[in-house]
Amino acid sequence: MTHTPSRRDVLKYTGVAGLAVAGFNWLGSGAAAAAGTSGPPAGTPDPAGGPLDTVVFGDTASETAHAVEATLSSTVTSGGLGQSARVLHPSEPAAYWGGTLAVTLACRPTGTTYVTVKLWGDEYDTTSQEQDSGANSWRLQLFCEGLQIGHQDQGAVDNLDQLDTAPRTPGRFFYHTLPLPEKLTAGRTSVRLEIRAIGRIWPYGQNQAQTFYAMTSDSRGIYRLYTHTDPYFLPAADDMQGPAPIPGVRTTPGPDALTAVRERVLKDQRYLLDEATPATLDGWAMQSLAEGYLWSGSPAYRQEKALDRVLQAIDGRYYAWQSNPTVLTASDQQWQGFGRVGLVLALLWEQLGDRLDLPVTGSPYTLANPGFEDGAGTPVSWAVPSWGNTDGSWSRDTTVARGGGASLKLSVGAPGGFITACSAPRIQVTAGVTYEYGTWVRTDGTSGEGAYLDPLFYDANGALVGTDNKAYATTGTNDWHYVSIRLQTPATATQVELHLRLSEVGTAWFDDAVLSPDDDPGAPDVPVRRDAYVTMLRASRDYWRQHFPHYSNQTQICATGIYQANRGLRLLDAGQALPEAQARDYLYQSIGLVSYSGPEDAAGLPSWPLGHGYYQVTRAGLTRELGYVGNYGEVTDWLVAMYESVTRGYDAREAPELRTQMLKMVKVRGFFHPVDVDEVGARVARVE
């Protein structure tokens, strides 16, 4: 080939021979997969686009001819398909950097020289059974004349190899190609290259120890290193690659895999409906439960309880944000803000009735789940402290109740035993204010101290203030009777736990617990849900308009959150919602339908940080994430979420322009999903 191929040509060739372009792995197949043990003589250019030079690792003559120097390395005499190779060992003690291989290879004095490495793509070397891949994701880094080529992580030019956690090309070799900077090869006919083994990298590490993991076992086998002058690689006909893959039909797992997935989903739905503490549910969980209400296969389907718990989850988000503003920008809500709140309101809007006009639940100044209605085996928002059980049991009893459908049941089986359940989390109280603490109690065969309640006070640092404050129920066997105590909050106390306890033998049931101030000027008024939700949705929408990120996947997540929050406002208070065209413009920016305008100021004026002609998606439909369209270009899940945010639920809108652009983006991803086989020979699509 005498011309530079187009990208279309290079992609077309992938099914014909084992090709490589800079930064990509191409799989050996076709006629070039014939048997062979060596390439052309060192330094002999191949006019058909083959190697300029080749070193065969583990071959003494080839290594000597190329001045190979190895540290912390040993040879494999019979690796993949019986070929020789070298492995690089970890240091002692283990550190981030491991063994090295230095070699001199011919290069091109003008233009670009490319380097290709040959690696075994199966989990085990077929003849020696030496493991050649694993779960540790060790990496190989290329150096030229002592300078690092490309990036160790997340860059436009890859490292030389990153070990997979599963076989990459079962039963055969694969090749990976990188370009050498022309300034390092200009005017030269040979160049000194080095392969260094390195450990694993966690890109989100907050310090050196979290980011760079020590290499603790051998690298994969390194079989050959080539230099060549074309930006793709054609192995010589006698360069052994292994048999071409023939995709087969998967026989296992079968339908049982979908059954397992269904059971997992149902387990999650039951947990969200019955066991989870609603106020602690994140955005994903509240949406999952809302979807369960709409799905006939879910235990939450058309359950009023599911509606209440979804709104209690939103209430919990509201109070968490009130006490900690970073809830808007961190954890599950990052970039999307409170967008999912708007989405679940749209999904459930026609079923909510007057619930939005009720006060927000979960105030840190009120007792959660006082009637023990929420929970499965045990009630939510209650716990047994580590010291609180010597010979007892606790449960949520749905067969005994004073009001509602459940109560708290405590039982002790032997004299001297006790068990206590306390409110969790603690409730905020105001110093000097008098509160009534109470509960209804029913007993069966209690003795000694029997059943009682005991408010315990704590200061802002969590230290106990004072001691017990017990109010006892009647011992023996008795029907429901009310037990209470009035206490003034100590001067240094800020929190209280309400303990419900049973000492000695017997059983006691507790229901309809009470924590009520005479008059607490320190407790803020509890807003109704509609007003609280408007406040949080508007804050989320406007914050992220002013902090609109420029990484393409983040932009999509953020734009979706802005639209979702605005959609919630459109339902709750249309006068505070942006016009549909303006809200949809953020979606357009994130998928390249219009140019990216960047964060806005308080007046809504965009900043255009990347100029007026920057598009988040190329004309072909590829994202510009970090200038690299590999794994970070896999944004199909967010495209689906974005589309459904417009087209599902109450007052949904059509979005044909979004659909057309999204389908283009999904289809172009196919070029980075080459068809291959997995370790059992079944057809798969791999992610480059």
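Using a Debye calculation, one point per C-alpha and no hydration shell, please list log10 I(q)/I(0) for the range 373-505 at q = 0.10, 0.18, 0.22 Å⁻¹ in order. Cα-only, vacuum Debye calculation for the range 373-505: -0.32, -1.04, -1.40. For the pair the range 314-351 and the range 665-682, the centres of their Cα atoms are 36 angstrom apart. Length, then width, then depth: along the principal axes, the Cα atoms of the range 393-462 run 38, 32, 19 Å. Relative to the longest principal axis of the Cα atoms of the chain, the long axis of helix 339-348 makes an angle of roughly 60 degrees.
Geometric descriptor of the range 336-395, per residue, is 165 Å³ (volume of the convex hull of the Cα atoms). Placing a pseudo-label 7 Å from each Cα along the Cα-to-Cβ vector at Ser217 and Ser137 gives an inter-label distance of 1.6 nm. Once both labels are positioned 7 Å from their Cα atoms along Cα-to-Cβ, the gap between Ala581 and His547 label points is 3.0 nm.
Computed from the Cβ-Cβ distance with R0 of 56 Å, the FRET efficiency linking Asp651 to Gln148 stands at 0.55. Close amide H contacts of Asn159 (hydrogens built in the peptide plane, cut-off under 5 Å, sequence separation of 5 or more or a different chain): His151. Placing dummy labels 7 Å off each Cα toward the beta-carbon, the span from Ala237 to Arg264 is 4.9 nm. Each Lys or Arg adds one and each Asp or Glu subtracts one; over the other residues with Cβ under 11 Å from the Cβ of Arg669, this totals 0. Once backbone amide H atoms are built at 1.01 Å from N, Val465 has Phe457, Tyr458, Asp459 as its partners under 5 Å, excluding neighbours fewer than 5 places away on the same chain. Summarising the overall dimensions of the range 569-688 from its C-alpha atoms, the Rg and Dmax are 17.6, 59 angstrom. Around the amide H of Asp239, modelled in the peptide plane, lies no amide H under 5 Å away from a residue 5 or more places distant or on another chain.
Legend: Rg and Dmax of the range 637-688, from Cα coordinates, 15.7, 48 Å. When the alpha carbon gyration tensor of the chain is reduced to an equivalent ellipsoid, the three semi-axes, largest first, read 62, 32, 23 Å. Take Gln428, project a point 7 Å from its Cα along the Cβ direction, then tell me which residues of the range 524-540 have their backbone nitrogen under 20 Å from it. What the label zone holds, given the 20 Å backbone N cut-off, is 524-537, 539-540. Highest mean packing first, where packing is the average number of other Cβ atoms within 10 Å per residue, the peptides 144-156, 601-613, 64-76, 257-269 line up as 64-76, 144-156, 257-269, 601-613. Binning the C-alpha pair distances of the range 421-461 at 10 Å intervals from 0 yields a P(r) profile of 18, 46, 26, 10 %, listed from the shortest bin outward.
Across the range 467-478, computed HN-Hα scalar couplings (Karplus, 6.51 cos²θ - 1.76 cosθ + 1.60, θ = phi - 60°) run 9, 5, 9, 8, 10, 9, 8, 6, 7, x, 10, 9 Hz from first to last residue, x flagging Gly and Pro. Shown in residue order for the range 519-533 are the 3J(HN,Hα) couplings computed by the Karplus curve 6.51 cos²θ - 1.76 cosθ + 1.60 at θ = phi - 60°: 6, 10, x, x, 8, x, 4, 8, x, 6, 4, 3, 5, 5, 5 Hz (x for Gly and Pro). Here the Karplus curve 6.51 cos²θ - 1.76 cosθ + 1.60, taken at θ = phi - 60°, turns the phi angles of the range 181-195 into couplings of x, 4, 5, 8, 10, 4, x, 10, 10, 8, 8, 8, 10, 9, 10 Hz, with x standing for Gly and Pro.
None of the figures in this text is laboratory data; all of them are computed from the coordinates on show. Treat the numbers as computed from the prediction; the structure is a model and nothing was measured. All Cβ positions, even for glycine, are placed from backbone atoms using ideal geometry, and neighbour counts span all protein chains on display.
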